[in-house]
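Heads up: the structure comes next, in structure tokens.
Bear in mind that the values in this text are calculations on the coordinates, not laboratory data. The structure displayed is predicted, hence computed values, not measured ones. Here the Cβ positions follow ideal geometry from the backbone for every residue, glycine too, while neighbour counts run over all protein chains shown.
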Amino acid sequence: MGSTVSPAGSWDACGDRFYSKHELYKMAWTGVELASMRVSCAGYGGPIAMVRDDTKIVLVTGGSTRPVVKTFSCAGALLGAFVWDGGRIAGLGWTLEEDLMLLEDTGQVFIYNMHGQKQPRQFSLGKEVQQDGILECCLWGDGLVVLTTGFALWAVTNLEEPRPQKLASPALMQRPHCMAVIEPRHTLSGHVEVLLATETSIIVVDADAANEHAVASSPVLRMAVAPDGQFVALFTADGRLLVWVSDLTKNLSEFTTQSEGPPDQLAWCGTDCVVMCWEDFMLMVGPYGDFNDYSIDSHAVLVPEIDGVRIVSNETHELLRRVPDCLVDVFRPGSTEPGALLFHARELFDAHNAKADEVLRSIAGSLPEGVATCVDAAGADFDSGRQTALMKAACYGVAFCPAGSLPPRRTLDMCRMLRVLNALRQPSVGMPLTLPQLEALTLEVLVARLVNARRHLLALRIASMIGMGPEKVLAHWACAKISAAAEIPDDALRDLLAEKLAGCSAIRYALIAAHAQAVGRVGLAAMLLEFESRAAEQVPLLLSLGEEERALAKALACGDTDLAYLVLFALYRKRPLPDFLATIQAKPLARSLFVAYCSRKEPELLEQIYMAMGVPEGVAQMRMRQAIVRSTSASHSRSGGRAEQVTAVGLAEMTKPLEQAADLYGQTKDHTFQSKAAAEFARLRRCQGELEAETGHACFVGLSLAATLRQCLRLGNQRAAARVRNEFRVSDKRFCWIKMRTMATSKDWDAMEAFVKEKKPSIGYEPFIAACKANGAPATVTARIIARISDSKRKAEEYAAIGMYQEAAETAALSRDSELLSRIQNMVGTASPLGVAVTQIKDRLSQTTR
Amino acid sequence: MATPLPNFDEGSVPLAQIRDEARKLLIDALDSRRGKKVLVLDPKISGFLGMLAEVPLLKEHGVEQLLHLGSEPFGDLGCRSVIYLVRSRIENAQLIAQQVKASNRQGAQLEYSVFFLPRRTIVCEKVFEEEGVTGDVIIGEYPLDFIPFDYDVLSLEQDTACKELAHLGTIPAVKGKGTAAAAVLDMLSRMRKEPGADAGPGSGAIDMLVLLDREVDCVTPLCTQLTYEGLADEVLRIRNGCVQLDQGGSKTRIVLNSADRVFRDLRDLSFAAVGPQLGARAKMLQSDYKDTKAAERSLSELKEFAAQLKTLPHITRHINLAEQISRQIGAQNFRDRVTVEQAVLDGHGTDASCEAIEEMMYGEEELMGVLRLMCLISLTQGGVPKKQFDALRKEVLHTYGHEHILTLTSLQDAGLLRRQEGGKSSFGALKRALKLLVDDIDDKNPTDVAYTFSGYAPISIRLVEAAVKAGGWGALEEVFKLLPGPHFDVVQTTDENGMPVERSTRNKPVPGLDSKKRLVVLVMFIGGVTFAEIAALRFLSTQPNVNCDFVVATTKLINGSTLLESFVDETVQQAMKQAKLE
């Protein structure tokens, strides 16, 4: 390629638009007969896979009868091949990562890379699919949908975590004419939708519902969803082509063909054209009913792209697309667009023709527009000669553009993109991407794809061009190198890898080591792991290399509990319990993590661990919890319904673990207090059981000691209270408080007064007064108790506090406390009658003291 | 009522980003299942979820019902999708497994998605595997870590994980004290070495990071906070930025954050200064009102006045709140508690204090209040005196139930409570070295952070204060020996190969402290922070000799009671709840 001839000659007008059919490659393959093959082509210029189509009769000419799956680049170069020894193949498809999905009739999905190597991940669509078998299937980059012979639809919408999901039942009575899928990323709901064409309608099925839409009077035989998921093209039995909005709410166009039968293939060309393909004839229908027809030599496979459709045939690989506007502007015969004039001016300039200046002047005002058009046209053109010419024209224009009228770096960026595109289009690489496709794919994804295609050098160069770190490319290269270098000894290979990878600090050596291990080079894996600085990366691999101790140490050192658990579970599974315990014994963090897990999940195991480690208080704690839970649930069930006394059995269930806890706590010197307390706890529960039996009130078990005493007193059972008090050696003072609070909370003021009157309480009067106030005792009661205080200063304060200012003042006068008197005065205000009285008292006081 | 959210954009670091990101992640999680769905929440999450997304937003994304996590099977839900949003804890995974199994047994045709917060863990997956529900649930994660509580407060609302500090970019200077602090530094430096990390010096919005492990200063949370916000938390419990106010039998919810201008001005004041302030504001409004009537003012002045009037409901609200607080702190038991606290901090009359604590138990005051004082004595006096240790513990059991054997034991295991074994407590030396006790605090015009605890300056804040003042931590060598855990003072930078490294800057002044630009200092409290400490930091940044603004990050907002409650065994908590019901 390298001409500067206008491409317009090869354009076909279709309505007011132009379309071009451009030959991308002459296929490098030989002897391929697409007509007898089942073919799947990955989008965005990805690889092609094919296998013999077992529904078509072919002449077997010796050799194995097992089908061979072959993969090719877009240029027809063989990438890989493998013999398929599974069952009937129901479908072929490419994932977004350009791995090949092979769907077996049993619902088993196998994944191969583009080089024909089987990948470890595979999954099944489940029992139902296996039993029924597959009638129809649709595969796309990130999922697949199958229709079983039992007319059930199953979908997987995320290949990372394949989880077969049964969609709503379409309620089919017979096999649908055809099936199509709207990918989740294109639907409003974000979930997959399946279109099924029946005799009378189209059924749209998603996870929750199946809705029927009548779209045509005759059955739909072919369906195709546009690349952006917005439209769906339908071909009916009466030879009409219909385009509907993909939710089937609106018909956009209708085109009648005179075809007898449906096309072999129906595909979108970009998002505004539909292409139909019969045996030797191809028809393209534009959005306004304009059409073009093409004759074709051999069977062709249509591959829709976002801006066109690729046509793969036995000999050639072509791209049919709408000619981008920028190219039309420049090259349409007679065009006077700025782009065309600028291009012309440059041609004149190169020919040393002075008219160049004149032409340039004629577009002066729209020069930036002309530059932009030429740059875009260069991006859109496949021919490198014309790309150069267009870029030159653009540069010529740039020189005369006012500053700031052009986006900076525009031409530079386009040159870079063109270098990338041209490199990709080389037949040796075979990725015929257009600029819009590359932009949609993004350079990051492109790099990943190149890496998968083992084009490491190209990937590395593109990565460095866009400022992406080289680590991913290098790591993949290292893995590929390891796979391919079986004959190089471990240390030599390590040195070779280390040399190339040295400059890059972000390399994840663990991944490379994992790969080395996976291909059976354990020694190399261990060596490579030495380079890894991140514990999180090392741990899983160390585990699989059988170095658990090192793994545990690393996991604990990095403080990631999740990682530590990973190692612990692996260790626990692998080793006999005593060994396991010995391993974690010395590592407190490991121990406490495992204990935390066990205390939730495996209490018996935890007990074993505690005992083995000599931590009886741990077991004691578990017993305590047991007793508490039982006690709580007992009182819970009682509070709900009728109050029933706790049975002897129920009581024993609580006390037994407590006694055990007491024993266990007793085994260590540091837990004497706990041991005694646990024993006391058991005694308390038993004592409460007895009280319930005696009194016939089911209201003791579960209370604290203080509350038990209060309950006895509340029931008027002084004898029981005394007994409990003695048994648990409750001090006089404490018991007095309990009595007082019981009387106060049950507002038994008479009893309280009687109690106070009997003899001075050991806790003084203040708590009584406080309790009176807190529980709303009548002021007279409180006052009478206050009256008993002997210290007159305190007495006066208390009077004042409950608002008995007169008494307060008098008492204060008695103790000659003029400071307090002033305060009281402030409280009541000097002007009030009380205030006056207080003033008098104060005056009297000051006179007497004088 | 929609919760007014604080304006996250006005702080030194735009926290709105974090909130918006969290909200987007939540919506993504909800949208992962189509149609109507039931959202099942871990109760620990539902509180702060309200700070991210309001109920209508959830409705918009198909949430028909909100449930709390439980193990009972679902009845008729009216839809097929169930989304769990729970912390990745073993017990949560277990509850989910039980619920899924129970529902499946009843023949419910449901689809379960579980989103673990902040990430899915191997342990939880293991639980699902063992319970045999791995095939029934779709596991995802909701990588929410920091929750912005206010324009300068971030909380992880959980116990561990400081990973997200790395999102804030590389912080040039890092100081820290305590075991967990050292672990975080270790983690940070490891993360800087990971691919994709931004290793260059000074790439973030933050100039200095101070990491403090709560173990360094357990004394402070045990003391009663005496700022407005602190007291509101002490007596009414601030939960997820709100308090419930009981007014004449009807409960009202008051949102407390900086969106409320009145609160913003008052929150950090000593409570003693709040009443007069509120009064003054109300009066000013009143007099303005009169003036406006008397003379016809210009429109712009009227507008200003109208804007001020808008704060009137806020003022009334705060008058109510302050009234409630002052009623509670006026009560004898509150006053007694503070008296004991002061005596303990002073180091006088331990015997009398123990006696007072005993009496509190006789009066059956709240257990946490009692335990706070016991722990405070233990921490400041080098343990509880021998003769009272057993008596106090015994009385706890007798009054509050023997279940608390477990509580006491775990407090002892944590070192918060122990028997005096001779030897002097380091608190006395600490008190002198850091000037923890400050006399003559003017509550209304404070000059020292000690106003936040009425004369006691938090150890934590004194450490931060030293860190940001000229001289740095160099002068504190002796003090650090008295506090637990290692300490460090490093600069995060890169070596000649561009690899991230840490260099010690011990005893050198902090770079940029003397510069004109105000520094942004992130103070990370690992193990929780109190409102009074946050107030103290805000106060500190207003001081003339401090040239920086603080952003506070923490694992949890705490006070002494919530801190100690975390030591109460779950079974005991259940028992306490049951006892309350009866």
Given unit charges at Cβ for Lys, Arg (+) and Asp, Glu (-), the dipole magnitude of segment A:324-408 about its Cα centre in debye, nearest 20, is 180
Among segment A:788-803, those whose backbone N falls under 11 Å of a label point 7 Å along Cα→Cβ from A:Met827 are A:795-803
Extending each Cα 7 Å along its Cβ direction at A:Met173 and B:Lys517, get the distance between those two points in nm, one decimal. 7.8
Proxy reagent accessibility, fewest Cβ within 10 Å first, across B:Arg33, B:Arg89, B:Arg432: B:Arg432, B:Arg89, B:Arg33
Give the long-range amide H neighbours of A:Met114: residues separated by 5 or more places, or on another chain, with amide H under 5 Å away, using H modelled in the peptide plane at 1.01 Å from N. A:Leu100
Amide H within-cut-off set for A:Tyr288, under 5 Å, with H built and near neighbours excluded: none
Mean residue ellipticity at 222 nm from the helices of chain A, using -39,500 (n - 2.57) per DSSP H segment of n ≥ 4 over the full residue count, to the nearest 500 deg cm²/dmol? -14500 deg cm²/dmol
Global geometry of segment A:324-408, whether rounded, prolate or oblate, following the gyration tensor of its Cα atoms and the 1.5 cut on a/c: rounded
Per residue of A:618-627, other chain Cβ atoms within 10 Å number on average 3
Roughly what angle does helix A:818-828 make with the longest principal axis of chain A, taking Cα atoms, 0 to 90 degrees, to the nearest 10? 60
Global form of the protein assembly as shown, assessed from the alpha-carbon gyration tensor, a/c cut-off 1.5: prolate
State, as an integer percentage, the relative contact order of segment B:8-144 based on alpha-carbon contacts under 8 Å between residues 6 or more apart. 24
Positive end of the dipole of the protein assembly as shown, charges at C-beta (+1 Lys, Arg; -1 Asp, Glu), about the Cα centre: which of B:Gln420, B:Leu41, A:Ala722 has its Cα farthest in that direction? A:Ala722
Fewest to most neighbouring Cβ within 10 Å: what's the order for A:Val398, A:Val145? A:Val398, A:Val145
By the C-alpha gyration tensor axes a ≥ b ≥ c (rounded if a/c is under 1.5, else prolate when a/b exceeds b/c, else oblate), the shape of segment B:332-423 is oblate
On the formula 1/(1 + (r/R0)^6), with r taken between the Cβ atoms of B:Arg23 and A:Val519 and R0 of 45 Å, the FRET efficiency rounded to 0.05 is 0.50
In whole Hz, what ³J(HN,Hα) sequence does segment A:113-119 give by Karplus (6.51, -1.76, 1.60; θ = phi - 60°), x for Gly and Pro? 7, 5, 8, x, 9, 5, 9
Karplus (6.51, -1.76, 1.60) ³J(HN,Hα), θ = phi - 60°, over segment A:611-619, in Hz, Gly and Pro reported as x: 5, 5, 8, x, 10, x, 5, x, 5
Peptides B:443-452, B:274-283 ordered by average Cβ neighbours within 10 Å, highest first: B:443-452, B:274-283
Can you pull the one-decimal nm distance between simple spin-label points at B:Met368 and A:Ala698, each 7 Å off the Cα toward Cβ? 3.3
Could you line up B:Asp213, A:Asp663, B:Asp260, B:Asp246 from fewest to most neighbouring Cβ atoms inside 10 Å? B:Asp246, A:Asp663, B:Asp260, B:Asp213
Give me the Å³ per residue figure for the convex hull around the C-alpha atoms of segment B:228-330. 110
Assign unit charges at the C-beta atoms only (+1 for Lys and Arg, -1 for Asp and Glu), then state the dipole size of segment B:8-144 relative to its Cα centre in Debye, rounded to the nearest 20. 180
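Average partner chain C-beta neighbours within 10 Å, per residue of A:669-678?
Shielding by partners across A:669-678 averages 4.
Could you list the GluC sites (Glu not before Pro) in segment B:403-503 that lie in coil according to DSSP, counting only those with at most 11 other Cβ atoms within 10 Å of their Cβ?
Counting only loop positions with at most 11 other Cβ atoms within 10 Å, the GluC sites (Glu not before Pro) in segment B:403-503 are B:Glu421, B:Glu496.
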Difference of contour (0.36 nm per residue) and Cα-Cα distance, B:Asn320 to B:Ala306: 2.8 nm
As an exercise, use a Förster radius of 56 Å and the Cβ-Cβ distance of B:Gln573 and B:Ala470 to find the FRET efficiency, rounded to the nearest 0.05. 0.70
When the chain is fully extended, how far beyond the present Cα-Cα distance does B:Leu66 get from B:Ala433, taking 0.36 nm per residue of separation? 126.8 nm
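Provide the gained length on full extension for the span A:Ala612 to A:Ser792, in nm with one decimal, where the gain is 0.36 nm per separating residue minus the Cα-Cα distance.
Working: separation 180, 0.36 × 180 = 64.80 nm, distance 6.67 nm.
Extra length from A:Ala612 to A:Ser792 when fully extended: 58.1 nm.
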Expressed as a whole number of Å, what is the distance separating the alpha-carbon centroids of segment B:301-368 and segment B:400-435? 25
Peptide A:590-601 - average C-beta neighbours from other chains (10 Å radius): 2
Let me know the charge dipole size of the protein assembly as shown about its Cα centre in debye, to the nearest 20, where only the beta-carbon of Lys, Arg (+1) and Asp, Glu (-1) is charged. 4840
